[in-house]
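Here's the structure we're looking at; comments come further down.
The values are calculated or read from the model by the stated rules, or taken from the named source; none is laboratory data. Owing to the predicted nature of the structure, the values given are computational and were not obtained by experimental measurement. As a convention, Cβ positions derive from the backbone with ideal geometry for all residues, glycine included, and neighbour counts pool all protein chains shown. Surface areas here come from the heavy atoms of the whole protein model, side chains and all, with no ligands, DNA or RNA. Shrake-Rupley method; radii C 1.70, N 1.55, O 1.52, S 1.80 Å.
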Amino acid sequence: MPGMAASIRLARTRSRTVPWPQVGAWLFAFGLVLFLALQGGGFDSVIRDQLGIAVWWIVLLGAVVGVLPGRLTRGAWAALALLAAFALWTALSLGWSESSERTTDELAKVVTYLGVLVIALGIERRAGGLALLHGLASAIAVVAALAVLSRFHPAWFPSNQTGRFLTSDVARLSYPLNYWNGLAVFAAMGAPLLASVAARSLSLVRQAAAAAALPLMVLCIYLAVSRGGALALVVGVAGLLALSRERWKLSAVLLVPGVGAGLLIAAASQRDALQSGVINAAASHQGDQMLALSLIVCGVTALLQAALGLLLRHGAPPRWWVAWRRPRHLSVIVTIVAVLVTGIAVDAPGRLASAWRSFKMPPATVTTAVTGDVFHRLQSVGGNGRYQYWQVAAQAADRHPWRGTGAGTFELWWERHATVDGFVRDAHSLYMQTLAETGIPGLTLLLGLVALLLGTGARRSLNRRGGEGGMAAATASILVFAAAAAYEWIWSIPVMVAATLLLAGAVLGGRHPSDRGLPAVQGEALPDALAPPRWGRAGRLALTAVAVAALIAVAVPLAESVALRSSQAEAAAGRLDAALADADSAHRLQAGASGPEIQRSLILEARHDLTGAVQAVDRALRDEPTNWRPWLILSRLQAERGQSTEAVRAYRHARALNPRSSLFAR
């Protein structure tokens, strides 16, 4: 028996070996997502561009030493090609954009996302998708817990920065992403991942920890008072159950956290001071109560999940609850018929038609009661102007169907064609905004990427040979992002896009043997005969060149933004010479951009150099002739120079470019 003894010793040695690739993948996913989340979601362009510099330096070094991107599947190649083509089309839109500065900034964003996808695919090839999924799930759970804790005890956390970008609403939980709907959707993305860990992990400790985090995620969505987040949660859970081959186990696992979430929501709904978001003695006392109750609920959930995990290890699923491979099976037909019959019985078509009419109504015509009850808000189906944003985006697409107005320029188009009052930077729909800004080609590339991710994930999830391996959870989380992107501006929140691209790495990676009809062995790579070929020297040189170009595309707007902000800070402190020098630096970094020229004009105005200020604002108008702000500045400068006719003309032009602004109200 010496051979058997040697095998046992080898197995024990391997079991004691630290799986460093998996540890590294977990740390990368966890660290990236948590860092971005704690930096306001990465919404700030400087934070986002710094991320872009970091990821493309990693890609560059990986290409030089030959470890990135590794062997890629056809699906991974297709995803990279689609996102790279979208970045290229964004760059081409500089040729017709209404603002080269805004388009350059949008290009830096897309290029950053492309770098994250390259790294995600490279990491998955060496560590497997589960490490990425577990790291991502852990990060989202920590973010949700911190968000809820910030409502229990706001004094423990930084002040809410929502007001920097949005009309602040302290009654709605937004920390740390600084946007309540974004936070709620982000938490909803983590729900399928944690549910999968709770149902499928081999470790009872991980099962218990994952289940314990789920009630906090639901409570986070509740405190954010987000209808979009609640809808995203429903989409994620439904997608997970539809794609999973172990839906009976998932249903049982979701039951306990669901009850715990219900208890926490019921308790929070009875504490008005806590819901209002104010900081006073009553809110602090209620926060202490909710903190203690949350610890109890999460602890009991963990214990019950551990017990349920032991039970399910020895139980068998009912045959009628197993997911069938063929969608034409009688069970699917029966389900569809039952849904249709139920929908007709409750007058679903009439209800949907009424809801759609309410959704389309402008915000000013919708009457809502002021209340902190999340369920009252969930009963409202008003679009808060979204339908109007989409209408204006469609008008832009009708005017420029094949090229759009230029990436990142929807704000300028909206200001000229707005149908409701209010400042709007994004169309609150990734798809409609992409159509408006980049035309049919841009939307086709983006939809192709989304369809590729969802289609590949669904196919692999339902493949009987390959084993699920968290694939259904990853696909359901991508589905949450894809659905929420239809009605929210989450494309501009890098932490959510980065999380989706990490999921894409797990879905498209080549370590899933089901594509080749191989047995499912978690963590094993495909045999060399079946794996895609490695990149040769020419491929590495090409990737190196792409990385260098990407670094330039991100570094230029980053350096310009840093110099411009430095100039603004110096001007606020009264150091006009230093402010002008920084503005000149920003101009040299991105010649033709309007931002540095507007800043120079304001500084020169403060220095009483009105002629130079007019010349600077004229140069700003060359880049953004449809932006009302430089025209308004020009009007003031001309008035100060005594040029009343030119001042009135510039003022009228500014008003024509933003007729609904309160600045021009008579």
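Worth a mention:
- Residues in segment 237-247 that are in a helix (DSSP H, G or I) and open to solvent by less than 40 Å² (accessible area, probe 1.4 Å): G239, L240, L243.
- Verdict on V554 being crowded, with 21+ Cβ neighbours inside 10 Å, within 30 Å of L60 (Cβ to Cβ) and of a type in the set (V, I, T): yes
- The set of residues in segment 83-113 that are surrounded by fewer than 21 Cβ atoms within 10 Å (Cβ to Cβ), assigned to a helix (DSSP H, G or I) and at pLDDT below 95 comprises L94, G95.
One line per residue, one yes/no per condition, for (1) in contact (Cβ under 8 Å) with a residue 12 or more places away in the chain; (2) more than 15 Å from A504 (Cβ to Cβ); (3) among the charged types (D, E, K, R):
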residue: G40; (1), (2), (3): yes, yes, no
residue: I53; (1), (2), (3): yes, yes, no
residue: V67; (1), (2), (3): yes, yes, no
residue: R71; (1), (2), (3): yes, yes, yes
residue: G75; (1), (2), (3): yes, no, no
residue: W96; (1), (2), (3): yes, yes, no
residue: Y113; (1), (2), (3): yes, no, no
residue: G129; (1), (2), (3): yes, no, no
residue: L132; (1), (2), (3): yes, no, no
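- Scanning segment 307-331 for residues that are modelled with pLDDT of 55 or more and either crowded, with 16+ Cβ neighbours inside 10 Å or not in a helix (DSSP H, G or I) (or both) turns up L308, G309, L312, H314, G315, A316, P317, P318.
- Segment 63-82, residues that are surrounded by 24 or more Cβ atoms within 10 Å (Cβ to Cβ) and not in a loop (DSSP other than H, G, I, E, B): A63, A76, A79
- Wholly enclosed helices (runs of 4 or more DSSP H) of segment 572-666 bearing at least 2 residues polar (S, T, N, Q): 594-606, 610-623, 628-640, 644-657
- Test result for T645, free of Cβ contacts under 8 Å to residues at least 12 places away in the same chain and either touching a Leu at 6+ places or on another chain (Cβ under 7 Å) or among the β-branched types (V, I, T) (or both): yes
- Qualifying residue in segment 336-358 (condition: modelled with pLDDT under 65, open to solvent by 50 Å² or more (accessible area, probe 1.4 Å) and outside any helix (DSSP H, G or I)): yes
- Among the residues making up segment 616-625, those that are buried (at least 16 other Cβ atoms within 10 Å of the Cβ) and not aliphatic (A, V, I, L, M) are R619, D623, E624.
- One residue from G404, G383, G448, G442 being modelled with pLDDT of 95 or more, among the small types (G, A, S), out of contact with any His (no Cβ under 7 Å at 6 or more places or on another chain) and buried (at least 19 other Cβ atoms within 10 Å of the Cβ): G442
- Positions within segment 221-236 being surrounded by 23 or more Cβ atoms within 10 Å (Cβ to Cβ), among the aliphatic types (A, V, I, L, M) and more than 16 Å from L193 (Cβ to Cβ), in sequence order: L223, A224, V225
- Which listed residue, of R540, R459, is within 18 Å of P192 (Cβ to Cβ), of a type in the set (D, E, K, R) and either out of contact with any Leu (no Cβ under 6 Å at 6 or more places or on another chain) or modelled with pLDDT of 95 or more (or both): R459
- For segment 49-106, residues that are of a type in the set (S, T, N, Q), touching an Asp or Glu at 6+ places or on another chain (Cβ under 8 Å) and under 20 Å from W491 (Cβ atoms) total 3.
- Taking every residue in segment 204-229 that is over 16 Å from G258 (Cβ atoms) and pairing it with any residue that is charged (D, E, K, R), at least 6 positions away or on another chain, the pairs with Cβ-Cβ distances below 6 Å are L223/R151; A224/R172; V225/R172; V225/R377; G228/E488.
- Close Cβ contacts (under 6 Å, 6 or more residues apart or on different chains) running from residues in segment 409-420 that are within 16 Å of W631 (Cβ to Cβ) to residues that are aliphatic (A, V, I, L, M) and open to solvent by 10 Å² or more (accessible area, probe 1.4 Å) comprise R416/L657.
- Looking across segment 288-305, the residues that are buried (at least 18 other Cβ atoms within 10 Å of the Cβ) and more than 28 Å from the chain's Cα centre (by Cα) come down to M290, V297, T301, A302, L304, Q305.
- Residue that is nearest to F157 (Cα to Cα) [pool: residues in segment 13-62 that are open to solvent by 70 Å² or more (accessible area, probe 1.4 Å) and outside any helix (DSSP H, G or I)]: Q39
- On the stretch given as segment 634-666, residues that are open to solvent by 70 Å² or more (accessible area, probe 1.4 Å), of a type in the set (D, E, K, R) and within 36 Å of the chain's Cα centre (by Cα) total 1.
- Residues of segment 263-287 classified as within 28 Å of V237 (Cα to Cα), open to solvent by 10 Å² or more (accessible area, probe 1.4 Å) and touching a residue at least 24 places away in the same chain (Cβ under 8 Å), total: 5
- Among all positions in segment 393-401, there is at least one residue which is surrounded by fewer than 20 Cβ atoms within 10 Å (Cβ to Cβ) and among the hydrophobic types (A, V, I, L, M, F, W, C).
- Any chance G128 is at positive phi and crowded, with 24+ Cβ neighbours inside 10 Å: yes
- With respect to the conditions (1) without any contact (Cβ under 8 Å) to a residue 40 or more places away in the chain; (2) open to solvent by 20 Å² or more (accessible area, probe 1.4 Å); (3) more than 30 Å from L479 (Cβ to Cβ), L255 lacks only one, and its number is (3).
- From the options S661, S566, S561, residue that is closer than 21 Å to S99 by Cβ and in contact with a helix residue (DSSP H, G or I) (Cβ under 7 Å, 6 or more places away or on another chain): S561
- Among the residues making up segment 169-218, those that are over 23 Å from the mean Cα position of the chain (by Cα) and basic (K, R) are R200, R206.
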